[in-house]
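What follows is a set of notes on a single structure, which appears directly below.
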Amino acid sequence: MGTVALAVTDGMLHFELALACEVFGPAPAAVTGPWYDLVLCGSAAVRVGRFRLEPDHGLDRLARADTVIVPGWADTEQDPPADLVDAVRAAHEAGARVASLCTGAFVLAAAGLLDGRRATTHWAHTEALAARYPRVTVDPDVLYVDNGSVLTSAGKAAAMDLCLHLVRLDHGSSIANTLARRLVVPPHRDGGQAQFVTTPVPAPDNHPLAELFPWVLERLDEPLTVADLARRARMSSRNLGRHFRSVTGTTPLQWLLTQRIRHAQELLETTDDSIDSVAAATGMGTATTLRRHFNRTVGVPPDTYRRTFRARTRPGPE
């Protein structure tokens, strides 16, 4: 947790910068413990879109941050400023977790942080990133990539997904979901989800599935099928699939499974319920089914996830 430093310079994209400020700025009401200390770091006053910003600190402050966020970089045909690249590299060498939003990946690549790693950026710039930095494995088909100490996201809405992912890692699913509700965005989209959606994601209350989503989330313990969802939405299964792809970028079953896994994570983080009870509460049926899907999606068994989360969040000595 600790300090989140936004690395800014002329030419940064204001949407991604503002988004990071919203996520890591004011703490949600549900947070009773420490939250992030957000600082703006730059070598001088910067122009972001039509706005002029005065950083709180110089770029050298990045090396003392716990997390460094590099917002989108507007002119990807130009090399990013050397002082910014050097400061981001130094921060990572000092132990900071470094994340790029959208085309901020070009800054991380210039710093050598993506060499030998898988990464992503806005789909319109993935070919340019791969051509300029051949040592980077560029994946154009995901929302974000988590390499542990180095993370990258695709554009715009995917930047929000990555920021919420960081909050989820630091504070757990419940706080991340609370924050998502405050920002009126989906509580979780898996990083491996396709980033290119054929039509823009509509406003939360302005699409055919607006009433379906909360109905499903209140019934995750039930063995819902695509037919059940289609019947509730008053449309055919084919139309349901088309709307799901348009709104979420994935299929009804995959979205439903993701919500079940997220609910399982929350229960594993916040309760001592047995794996059988968690399986029942998330509609997985049996512990075996839960373990199979959880391990495939999260990368570790639910028992290991619970132990790891409890170890990470256990308070230290006073």
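Among the trypsin sites (Lys or Arg not before Pro) in region 113-170, which ones are in a DSSP loop with at most 13 other Cβ atoms within 10 Å of the Cβ? Mind listing them?
Those satisfying the criteria are 135.
At what distance in nm do the modelled label points of residue 169 and residue 94 sit from each other, each positioned 7 Å from its Cα along Cα→Cβ?
1.9 nm
Please list, in chain and number order, the residues 5+ apart from residue 3 or on another chain whose amide H is under 5 Å from its amide H, with Hs placed from the backbone.
Under 5 Å from the amide H of residue 3: 37, 66, 67.
Please list 173-181, 220-228 highest first by mean number of surrounding beta-carbon atoms within 10 Å per residue.
173-181, 220-228
Give me P(r) over region 3-178, computed from all C-alpha to C-alpha distances, binned every 10 Å, as integer percentages.
11, 43, 36, 10, 0
Please get the size of the charge dipole for region 3-178, origin at its Cα centre, with Cβ charges of +1 on Lys and Arg and -1 on Asp and Glu, quoted in debye to the nearest 20.
That gives a dipole near 120 debye.
Which residue, 227, 103, 2, has the largest displacement toward the positive end of the dipole of the chain when charges sit on each Cβ (Lys, Arg +1; Asp, Glu -1)?
Farthest along the dipole direction, towards plus: 227.
What are the semi-axes of the equivalent ellipsoid of region 66-110, taken as the square roots of 5 times the eigenvalues of the Cα gyration tensor, listed largest first and rounded to whole Å?
18, 12, 6
For the chain, what proportion of DSSP beta bridges, expressed in % and rounded to the nearest 5, is antiparallel?
30 percent
Under the √(5λ) rule applied to the eigenvalues of the Cα gyration tensor, what semi-axes describe the equivalent ellipsoid of region 202-318? Give them in Å, descending.
31, 16, 12
With a/c under 1.5 counting as rounded, go ahead and sort region 53-153 into rounded, prolate or oblate using the C-alpha gyration tensor (a ≥ b ≥ c being the square roots of the eigenvalues; past the cut-off, prolate if a/b is larger than b/c, else oblate).
Prolate, because a/c is 1.5 or more and a/b exceeds b/c.
Give, rounded to the nearest 20 debye, the magnitude of the charge dipole that the chain has about its Cα centre when Lys and Arg contribute +1 at Cβ and Asp and Glu contribute -1 at Cβ. Can you show the working numbers first?
Details: 33 positive and 35 negative charges, 186 e Å.
That gives a dipole near 900 debye.
Sorted by mean Cβ packing within 10 Å, highest first, what order do the peptides 20-28, 296-304 take?
Sorting 20-28, 296-304 by mean packing, highest first, produces 20-28, 296-304.
Compute the orientation-averaged projected area for the chain from the convex hull of its Cα atoms and round it to one decimal in nm².
Details: hull surface 67.7 nm².
With every direction weighted equally, the projected area is 16.9 nm².
Between residue 141 and residue 242, what length comes free when the chain is fully extended (0.36 nm per residue of separation minus the Cα-Cα distance, one decimal in nm)?
Length gained between residue 141 and residue 242: 34.5 nm.
Would you tally the net charge around residue 36, using a Cβ to Cβ cut-off of less than 9 Å, leaving residue 36 out, and scoring K and R as +1, D and E as -1?
On the way: positive: none; negative: 37, 66, 170.
Charge balance in the 9 Å sphere: -3.
Which residue, chosen from 159, 207, 43, occupies the Cα position most advanced towards the positive end of the dipole of the chain, where the dipole is computed from +1 (Lys, Arg) and -1 (Asp, Glu) charges on Cβ about the Cα centre?
Of the options given, the answer is 207.
Divide by every residue of the chain the summed helix terms, -39500 (n - 2.57) for each DSSP H run of at least 4, and state the resulting mean residue ellipticity at 222 nm, rounded to the nearest 500 deg cm²/dmol.
So the helix-based figure for the chain works out to -13000 deg cm²/dmol.
Readers should treat all values here as calculations from the given coordinates under stated rules, not as data from a laboratory. Not measured: the values here are computed from a predicted model. Positions of Cβ are backbone-derived with ideal geometry, glycine not excepted, and every protein chain shown enters the neighbour counts.
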